[in-house]
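The values are calculated or read from the model by the stated rules, or taken from the named source; none is laboratory data. Note that this is a predicted model, so its numbers are computed, not measured. With ideal geometry, Cβ positions are generated from the backbone for all residues, glycine too; neighbour counts draw on all protein chains shown. The accessibility values were calculated without ligands, DNA or RNA, using every heavy atom of the protein model including side chains. Shrake-Rupley method; radii C 1.70, N 1.55, O 1.52, S 1.80 Å.
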Amino acid sequence: MRLHCYFLGTVLLALIFGCPVLSMLHAQSNHPLTKAAPLAINAAVSPLSNGIDVKVGEIHEQITALRDDVLRIRIARGSSLPEDASWAVLPTARHSSVAITPATNKEHFGFRTHALIVELDGTTLELTIRNLDGEILQQDARPIRWDGDAFRIYKAMPLDEHYFGLGDKTGPLDRRDQAFTLWNTDAYRFQESTDPIYKSIPYFMTFRAGQAIGVLLDNTWRTSFDFGKESPETYSFGAVNGPVDYYLFYGPSPKQVVETYAWLTGTPPLPPLWSLGYQQSRYSYMTQDRVLEVANRLRADRIPTDAIYLDIDFQEKNRPFTINTKAFPSFSEMIAQLKSKSFHVVTITDLHIANLPGSHYLPYDSGIAGDHFVKNPDGSIYTGRVWPGPSVFPDFTRQQTRAWWGSLYRDLNRDGVEGFWNDMNEPSVFDTKTKTIPEDVVHHIDEPGFATRTATHAEIHDVYGMENSRATFEGLKLLDPGERPFVLTRATYAGGQRYAATWTGDNSSSWNHLRLATPMLENLGLSGFAFSGADVGGYAGTPTQDLLTKWFEVAAFQPIDRNHTEKDTGDQEPWVGGPDQESIRRHFIETRYQLMPYLYTLAEEATQSGLPILRPLFLEFPDAATDHRPIDTDPAAASEFLLGPDLLIAPPQYGDELDAYTVEFPSSDWFNFWTGEKITFPATVATPDPTSVPAPPPLPSIQVSPELAQLPVFVHAGSILPMAPVVQSTNETPQGALTLRVYVGDHCAGDLYQDDGKTYAYQHGAYLRMKFSCEQTSEGLRLNISPHEGSYPAWWKEIRAEIYGWTPKSGDLLVNGKPIAEHASLQAQEVQFVIADDGKGMTVELK
């Protein structure tokens, strides 16, 4: 459609459509963001119970409040807004509403909620969002601009504002001064500047002066985000087509923004416990004998492990849902044998179906019969070359196709396979210039909540991988309703966390990629994916033994701990490199299993709140710096991350360098996780410079000398960590006491969640939940242990307490006010005692 400029009593259309009038207006000012002089316009303004609806010429804008802190902005050309449907945002959130108070004057249209002030400029329709103190939280830098079907939204970018999210894009944690395209892409051997890569999550968080806002652009077409790359005073986002439909949500804390994003797009399901254990994989374990050999060695060397993966070579000629019976002659018996050794098997199931008419290949034949494959514009079935050769592609925007796809897992599920890995689902295609399905290929949308219609792949591409993982997840739930599925996906979209865990794709075996993994996983966590990982050791290439060992160490504290490498590379199993390297790697895997009660408690929290397991420091400590900057942007903290709220992991930023490095802390009270020692910080004396602007005071820091066998890990004072004895898999019941590591400090507290780790019985009360707290008193220390909540039985009969940062006077113990025979013992850095736990709760006093 060709656009023309009309003066309908205003320059609004010229501002929006980029007509010559806009250029002339901007030429009159030296400031690129100067607004046009106010002009009266003939706007049709309709108040809504939860917002405002404005029509000016060809422009229709609607702003509604879903909650007091959540706004939805929709803008269209023409009289009507586009279809109100979403692959990302939950219907319950999209249809929510709160009452507002109109606030319109001569300069703007607007309204108030109990948290926000909304102002729409009466001349340009530029949007300003304020908090109730009148502080600007977000402001349009210029009117929305269309170029044909493409649109772009511009926001003012203060100098001290920072940006996080967009999933696992490469580069620093902070997106400022970077630009990105969202278009799911098979990015083998991606590097620090590679863009786009595997995922499209069009959501980001702004953080400025201690206040955070979330922005979700719900548009499935190719989108792009520019955080000051083009203009240092402006950030912008837009799409090549599709609806202008975005959400703004106010914290003010970063945690509140993350929780609201989860309210909009959903929380992840509680995964099976075994998926948090160590996982062994490669492309490929070529034979049944090799799989069993690796499994037996893991058990013989007492390397705790829960999963073994089978890549495409377990299939007949790489055809999904088949078995290579020459290499795997007794597949189901192998699975049973592995299960008897407490291994869970995860098999790959790529979404491309081999195009094999007349070959009795069930996925193809049943797919043809059900009309389940995407088509060319002329109505023929689209075929592209992938691992099996010529392949056809399911039409996952049809609910019937997703149900059919899910049914294909019946045989693998019956054979005992417990996890499924959806790879290549960007989708990757080998014989096209774009490396994916052509944009004019046709999908059919047949989905509750959507109008039934056709759509081109240009619209569906970025949700295709998510709908693939959705089909897998929902199909597995139907096949085995009592068991929790585990699905791992490479490509996804906003909301994809409802169906699958993910990983960062085909990384490389380099120190740089070990460094890249941390910000990628942090931003994935902020973007909804609490369950994520990066291939341990790197996928592409063979790591040095020291690199592999250090990667084992760091990954032990990340949500998904999977060792994976490509074909024709060196082995990466824990024993590779000799007994000294294996011993270090085993130690860190064992530490992960000791922390499993803490890790699983974080997993359950993620399903309730959306808070990630792996976190940037600013998420827990947004006010660590006096100037309220996110301290993760400090060079000294760039490699650090949190496991939950309590553990700070500080690998060297450049692991191949031998120099000592600085570890920066967000507060002053920390303990060494390995030794229990309280961290003491050297005194810092700032030398004032009268000619410069006063700098904020430095944060507490220490110097660390890197060592191969060590990884600096610290515990925040006030933490209570639940820990377990080492087991060889999560199937094994721990033998001994539950350990509570109590690090005395302010707000001393901790939690524990347990269930059977497999089924949905927890939804019916079969769980165990406990809370712990401690406080110093005039007579000693009081440890409060809550009663067991829920019907799931504890595996322990006793609790072993280890107290750090406090020294008793006598070691006497009182339980519920009564003295007992046991006494606490004082070790080098800790106070220890063991006490029976009858599930009724208790207060233990130490003197």
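Quick notes on this one:
- Gain on full extension, evaluated as 0.36 nm per residue between Asn784 and Lys326 minus their Cα-Cα distance, stands at 158.9 nm.
- Local net charge near Pro712, Cβ-Cβ under 11 Å (Lys/Arg +1, Asp/Glu -1): -3
- When the surface is traced with a 1.4 Å probe over the full set of protein chains, Val386 keeps roughly 0 Å² accessible.
- With one equal scatterer per alpha carbon and no solvent term, the Debye-computed log10 I(q)/I(0) for the range 116-183 at 0.12, 0.16 1/Å reads -0.44, -0.75.
- Note on the range 253-366: Cα-Cα pairs beyond 23 Å make up 46% of the total pair count.
- Taking 26 Å as the straight-line reach from the Cα of Lys55, the lysines in range (excluding those fewer than 8 positions away in the same chain) are Lys35, Lys106, Lys155.
- What you get for the chain, charging only the Cβ of Lys and Arg (+1) and of Asp and Glu (-1), is a dipole of about 1220 debye around the Cα centre.
- Efficiency of FRET from Cβ geometry, Asn241 and Ile381, R₀ 30 Å, rounded to 0.05: 0.75
- Using θ = phi - 60° and Karplus 6.51 cos²θ - 1.76 cosθ + 1.60, couplings along the range 755-763 (whole Hz; Gly, Pro as x): 7, 6, x, 10, 10, 9, 4, 4, 5
- Gap separating the Cα centres of the range 363-428 and the range 690-744, nearest whole Å: 45
- Candidate lysines for bridging to Lys341, where Cα separation is under 20 Å - those fewer than 8 sequence places away on the same chain excluded: Lys758
- Rg ratio (alpha-carbon, reference 2.2 N^0.38 Å) - the range 491-570: 1.08
- With the convex hull drawn over the C-alpha atoms of the range 710-847, the volume per residue is 130 Å³.
- Label-point separation in nm, Ala451 to Ala695, each point 7 Å along Cα→Cβ: 5.9
- Computed over the Cα atoms of the range 663-789, the ratio of the radius of gyration to the Kirkwood radius (Rg/Rh) comes to 1.11.
- Values of log10 I(q)/I(0) for the range 449-524 across q = 0.19 Å⁻¹ run -0.91, by the Debye formula with one identical scatterer at each alpha carbon and no solvent.
- Structural size metrics of the chain, computed from C-alpha coordinates, are Rg and Dmax of 28.2, 90 Å.
- Reduced Cα scattering model of the range 374-427, Debye log10 I(q)/I(0), q = 0.13, 0.25 Å⁻¹: -0.43, -1.18
- Taking the Cα centre of the range 479-570 as reference, the dipole from Cβ charges on Lys and Arg (+1) and Asp and Glu (-1) amounts to some 200 debye.
- Both the radius of gyration and Dmax for the range 487-621 are 15.0, 44 Å, in that order, over alpha-carbon atoms.
- The range 697-758 pair-distance distribution - Cα-Cα, 10 Å bins, rounded %: 16, 30, 34, 16, 4
- Distance cut-off 27 Å, percentage of C-alpha pairs in the range 412-551 lying past it: 34
- For Glu439 and His95, the FRET efficiency from 1/(1 + (r/R0)^6), where r spans their Cβ atoms and R0 equals 41 Å, is about 0.85.
- Helices assigned as whole DSSP H runs in the chain whose Cα atoms extend at least 20 Å along their own long axis and whose mean Kyte-Doolittle hydropathy is -1.0 or higher are found at 457-479, 511-526.
- The alpha-carbon of Lys199 sits under 16 angstrom from the alpha-carbons of these lysines, leaving out residues fewer than 8 places away in its chain: Lys169, Lys435.
- Set the Cα radius of gyration of the range 195-320 against 2.2 N^0.38 Å, with N its number of residues, and you get 1.61.
- Set of the range 589-609 residues, backbone N closer than 15 Å to the point 7 Å along the Cα-Cβ line of Trp674: 589-592
- Modelled FRET efficiency - R0 41 Å, Glu775 with Glu135, Cβ distances, 0.05 increments: 0.65
- Most to least packed among 375-385, 90-100 [average Cβ atoms within 10 Å]: 90-100, 375-385
- For Ala141, nonlocal amide neighbours, meaning residues 5 or more places apart or on other chains whose placed amide H falls under 5 Å from its own, are Tyr154, Lys155, Ala156.
- The convex hull around the C-alpha trace of the range 571-642, projected and averaged over every direction, spans 7.3 square nanometres.
- Gyration tensor analysis over the Cα atoms of the range 316-381 returns equivalent ellipsoid semi-axes of 32, 13, 9 Å (largest first, whole Å).
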